[in-house]
Each structure stands twice: as C-alpha cells, then as structure tokens.
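A.B. asks: Starting off with a structure, shown below.
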Amino acid sequence: MRKVAIIGAGPAGIEAASILARNGIQVSLFEKSETPLKNLQDKAFLFPNFQAAQEIVDDLSGKLLADGITSVFGVEITDVRWQGTEWKLTDIKGQTYVTDSVLIATGYQVFDAHRKEELGYGIYKGVITSLDMEQMIKHGKITNANGDEPKRVTFLQCVGSRDEKSGNHYCSKICCVTAVKQAIEVRKQLPKCDSSVFYMDLRMWGQGFEEMYRTAQEKYGVSFVRGRISEAAATFDGRVQLKSEDTLMGLPLKMTTDLLVLMVGMEPSCGTKLLGKSCDVNGDYGFIKTVNPHLYDNETSRPGLFAAGTCKRPMSISDSINDARSAALAIQEYLDSLKNEN
Ligand SMILES: Cc1cc2nc3c(=O)[nH]c(=O)nc-3n(C[C@H](O)[C@H](O)[C@H](O)COP(=O)(O)OP(=O)(O)OC[C@H]3O[C@@H](n4cnc5c(N)ncnc54)[C@H](O)[C@@H]3O)c2cc1C
Ligand code: SF4
C-alpha cells in the first residue's frame with residue numbers, strides 16, 4: 001500500500017488526508033498542536049456566510065475518523081529529506097518516519113503587531129489585533145481597555161502587509177473582508193457603538209464579498225475612510241488617540257477611539273519556513289514555492305513533495321480546501337506512477 005505523510009492538520013491537510021484515504025492510500029497526518037484546526041478554533045463566524053467556525057471545525061474533525069488515516073498530534077516535524085528510495089521525516093524529538101510522498105500543509109501565522117511599535121500594540125490596552133477581536137466576538141464580550149462597552153471601534157487595514165517597513169510587499173488577501181465581517185459583528189453585538197474601517201484599498205475579490213461591504217454600510221452603518229493611521233497614543237481615560245490622514249480629502253485627522261483593531265496580515269508559519277528551507281523549496285517571504293502557478297501549483301521542484309493551502313500564500317478556507325483537493329489528485333497520480341514503475 002502506498003503511503004503519504006501530511007504535515008499540518010489545518011483545513012488543507014485534513015481535506016487532502018480524507019480524499020487520499022478514501023482512495024486507498026495510507027495517510028499519516030502530523031500536527032504539532034495537541035488538537036487539529038487550531039487556526040479555525042480561534043475564529044468566531046466566517047466570511048462570506050457568517051457560519052459559526054465551530055461547525056466547520058466539527059465537519060472537518062469528523063473527516064479524520066475515516067479508515068486509513070493515522071493522526072499524530074503534538075508532534076512537530078522539523079526536517080524532511082529524500083534518501084534515495086523514500087522520504088524521511090524527523091520530528092523535534094529526533095524520531096523518524098518514512099513514506100513514499102509528502103504533503104506540506106503547515107499553513108500561516110499572523111504578522112506580529114509588536115513590530116509596528118508606532119501603533120502601540122502591547123503598549124496600550126486599547127490596541128488589539130484582528131485575532132483578539134475574533135475572540136471577543138466569539139465570547140460575546142467586546143470590551144475596551146477598562147472592561148466597559150466601547151462607544152467607538154476603529155479597524156486599521158494592511159498591518160504588516162503591503163508595507164515596505166515590515167518587508168512584506170504582498171497583499172494578505174483575507175484581511176479586507178475580515179474587517180468588514182468584524183465591523184458588522186461589532187454593530188450586531190453593540191448596536192450603539194460606532195464602527196469604522198481605515199483602508200488603503202478595499203479588496204473585495206470573492207463571491208459575496210462586495211455585497212457584504214454594501215450591507216456593512218447600508219444595513220449596519222459601518223463607515224469606511226480611505227486613509228492611514230500613522231500613530232496611536234493613550235489618553236488619560238484609557239482611550240486611544242489616533243493621528244491619521246484622510247487620503248481622499250488630503251486632510252490630516254485626529255480622533256479618539258475606544259478600541260483600535262489592527263488587521264494583521266498572514267505570514268508563513270515557522271513550520272512552513274523551516275520545512276521550506278530543509279527541502280530547498282522556499283520561495284518569496286518564506287512561503288513554499290511550487291513549480292508553476294498555472295499548471296503545477298501543488299508540485300514542488302522535488303518529485304514526491306507537494307504543498308497545499310496557506311503555506312504557499314494567503315488564502316481563505318474555501319481556497320485552502322480546494323487547493324488541497326487538487327493536491328490530493330496530484331499525489332494520487334504520483335503514487336500511481338510509482339506503482340507502474342514497479
Ligand atoms: C483574523 C483572521 C480571521 C479569518 N477569518 C476567516 C474567515 O472568516 N473565513 C475564511 O475563509 N478564512 C478566514 N481566515 C483564514 C483561515 O484561517 C485560513 O484560510 C485557513 O486556516 C488556512 O488553512 P491551512 O490548512 O492552509 O493552514 P492552517 O490553518 O494554518 O493549518 C496549518 C496547520 O499546520 C500545523 N503545523 C505547522 N507547522 C507544523 C510542523 N512543523 N509540524 C506539524 N504541524 C505543523 C499548524 O499547527 C496548523 O494546525 C482568517 C484568518 C485570520 C488571521
Ligand atoms: S486584503 Fe486588504 S487589508 Fe489585507 S493586505 Fe490586502 S489590501 Fe491590505
């Protein structure tokens with residue numbers, strides 16, 4: 001029986017595992033956390049349909065029960081190497097595993113907002129990230145620095161993406177629509193609270209996204225300001241003072257807000273960067289490089305080594321899952337070709 005090792009039990013890794021197992025391939029799925037889907041478990045409701053993230057977690061977790069999948073949790077893979085006839089994986093404790101093919105599905109981590117010191121994350125309690133906001137929405141407890149209901153929440157786009165200073169020139173693709181989603185949720189949970197989004201461009205590329213943006217304005221009264229926030233500072237009563245510029249009007253602006261939410265971009269996870277280097281398939285910014293973005297976007301330059309999901313670039317959940325399906329097909333074809341050789 002042919003074998004595949006999948007590294008990362010996020011949406012991409014689990015989807016590929018379930019398809020390959022159904023097609024008679026022996027799957028070992030390695031996840032460094034003690035549970036799968038950690039990057040979905042910290043979300044509340046999902047764009048584009050506001051479905052509870054927990055429902056997707058439950059559905060995907062159910063797929064892990066399929067015959068033919070061995071899930072190994074709490075094991076971080078640190079090295080992947082071709083050794084003549086098979087691939088060898090090594091975990092952080094030095095234990096090794098051998099397999100015919102490997103799928104890297106090690107995903108993303110968010111940009112560390114401490115790196116934008118001028119925005120005050122980690123210094124002022126009223127400055128939080130989009131991940132912190134997901135948690136507040138999830139628990140129905142959106143509060144300001146003093147633990148009270150905020151009167152104004154301000155979202156700032158492109159933190160750590162499209163940004164010369166942080167070295168990330170790319171667009172993280174999902175944070176515009178995430179800000180719209182969260183701004184709507186703020187208005188749903190706190191109808192009296194002002195909710196505004198500062199943006200450079202609004203990238204509403206997916207099906208239903210443009211409609212969400214219109215609904216945010218027309219039904220929920222969210223305001224959108226084309227502008228930048230250059231600096232945040234605390235006020236004596238725990239609010240956050242913002243120095244900004246309305247770039248449409250060309251006017252400097254000063255305003256105070258109860259919460260400043262930094263829409264942090266997506267970067268390759270540590271595992272993605274490490275394995276990309278160890279297998280010599282690391283591309284721009286540390287994401288995994290594939291052979292060709294049109295025709296061979298799951299294949300790497302190393303035969304038998306594949307990649308899927310956000311380890312390649314920022315993607316939504318549905319894009320990661322679709323990408324995993326195409327990776328499963330490419331792996332199946334590769335393993336069939338080995339069978340024919342023997
Ligand atoms: C604030 C925020 C809100 C979002 N909201 C939405 C939304 O509403 N709708 C939507 O479609 N998308 C949303 N997303 C994006 C969504 O989280 C991703 O599209 C999705 O998680 C990508 O799945 P993945 O499998 O590629 O990677 P991940 O979910 O990152 O999974 C990768 C897995 O690999 C594991 N791993 C990493 N390295 C190793 C290693 N060396 N060994 C073993 N395991 C390893 C990780 O622990 C992780 O579990 C949001 C993202 C953010 C930041
Ligand atoms: S998706 Fe929007 S917020 Fe995110 S980097 Fe791109 S333009 Fe900026």
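The values are calculated or read from the model by the stated rules, or taken from the named source; none is laboratory data. These numbers were taken from a predicted model, which means no experiment stands behind them. Counting neighbours? That spans all protein chains shown, and the Cβs are built from the backbone with ideal geometry, glycine included.
A.B. asks: Which of the residues spanning the stretch 111-129 are in contact (Cβ under 8 Å) with a residue 24 or more places away in the chain, out of contact with any helix residue (DSSP H, G or I) (no Cβ under 6 Å at 6 or more places or on another chain) and not in a loop (DSSP other than H, G, I, E, B)?
C.D. replies: Selection gives 113, 115, 118, 119, 127, 128.
A.B. asks: Additional query: Is at least one residue of the stretch 78-101 modelled with pLDDT under 95, at positive phi and either within 16 Å of ligand 2 (Cβ to nearest atom) or not in a strand (DSSP E or B) (or both)?
C.D. replies: Scanning the stretch 78-101, I find at least one residue that is modelled with pLDDT under 95, at positive phi and either within 16 Å of ligand 2 (Cβ to nearest atom) or not in a strand (DSSP E or B) (or both), so the answer is yes.
A.B. asks: Hey, another quick one. Look at residue 62 and say whether it is without any contact (Cβ under 8 Å) to a residue 60 or more places away in the chain and on the phi > 0 side of the Ramachandran plot.
C.D. replies: no
A.B. asks: Do you know which residues across the stretch 65-77 are modelled with pLDDT of 95 or more and at negative phi?
C.D. replies: 69, 70, 71, 72, 73, 75, 76, 77 - these are the residues of the stretch 65-77 that are modelled with pLDDT of 95 or more and at negative phi.
A.B. asks: Oh, and also: Determine, yes or no, whether residue 177 is touching a Pro at 6+ places or on another chain (Cβ under 9 Å), within 8 Å of ligand 2 (Cβ to nearest atom) and either under 11 Å from residue 216 (Cβ atoms) or part of a helix (DSSP H, G or I) (or both).
C.D. replies: Yes: the conditions hold for residue 177.
A.B. asks: Out of the residues in the stretch 303-317 that are surrounded by 16 or more Cβ atoms within 10 Å (Cβ to Cβ) and away from ligand 2 (no atom under 16 Å from the Cβ), which is nearest to residue 11 (Cα to Cα)?
C.D. replies: Within the stretch 303-317, the match that is nearest to residue 11 (Cα to Cα) is 309.
A.B. asks: Additional query: May I ask you to say which residue of 54, 109, 41 is surrounded by 13 or more Cβ atoms within 10 Å (Cβ to Cβ) and within 16 Å of ligand 2 (Cβ to nearest atom)?
C.D. replies: 109
A.B. asks: Is it the case that residue 278 is in contact (Cβ under 8 Å) with a residue 60 or more places away in the chain, surrounded by fewer than 22 Cβ atoms within 10 Å (Cβ to Cβ) and closer than 22 Å to residue 112 by Cα? It would help to see each step written out before you state the result.
C.D. replies: Working: in contact (Cβ under 8 Å) with a residue 60 or more places away in the chain: yes; surrounded by fewer than 22 Cβ atoms within 10 Å (Cβ to Cβ): yes; closer than 22 Å to residue 112 by Cα: no.
No.
A.B. asks: Here is a follow-up. Kindly indicate the residue of the stretch 219-245 that is over 13 Å from residue 127 (Cβ atoms) and among the hydrophobic types (A, V, I, L, M, F, W, C) and also modelled with the highest pLDDT among those meeting that condition. Spell out the reasoning first.
C.D. replies: Let us first name the residues in the stretch 219-245 that are over 13 Å from residue 127 (Cβ atoms), namely 219-228, 230, 236-237, 243-245.
Okay, now just the ones that are also among the hydrophobic types (A, V, I, L, M, F, W, C), so 222, 224-225, 236.
Numbers: 222: 98, 224: 95, 225: 91, 236: 90.
Per the criteria, the residue is 222.
A.B. asks: With a cut-off of at least 3 residues that are away from ligand 2 (no atom under 16 Å from the Cβ) and touching a Ser or Thr at 6+ places or on another chain (Cβ under 7 Å), name the strands (runs of 3 or more DSSP E) lying wholly within the stretch 182-276. Write out each step before concluding.
C.D. replies: Working: elements: 194-199, 223-234, 240-246, 251-257, 259-264, 266-268.
It comes to 240-246, 251-257.
A.B. asks: Another question about this same structure. Mind checking whether some residue in the stretch 310-330 is closer than 15 Å to residue 101 by Cα, acidic (Asp, Glu), without any contact (Cβ under 8 Å) to a residue 24 or more places away in the chain and in the same structural domain as residue 8 (by TED's automatic domain parsing)?
C.D. replies: The answer is no; no qualifying residue exists.
Residue-by-condition table, conditions (1) away from ligand 1 (no atom under 16 Å from the Cβ); (2) of a type in the set (S, T, N, Q); (3) at positive phi; (4) surrounded by 24 or more Cβ atoms within 10 Å (Cβ to Cβ):
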position: 205; (1), (2), (3), (4): no, no, no, no
position: 212; (1), (2), (3), (4): no, no, no, no
position: 236; (1), (2), (3), (4): yes, no, no, no
position: 239; (1), (2), (3), (4): yes, no, no, no
position: 252; (1), (2), (3), (4): yes, no, no, no
position: 265; (1), (2), (3), (4): no, no, no, yes
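A.B. asks: Looking only at residues that are touching a Cys at 6+ places or on another chain (Cβ under 7 Å) and part of a loop (DSSP other than H, G, I, E, B) in the stretch 156-174, which one is nearest to ligand 2 (Cβ to nearest atom)?
C.D. replies: Among those that are touching a Cys at 6+ places or on another chain (Cβ under 7 Å) and part of a loop (DSSP other than H, G, I, E, B), it is 161.
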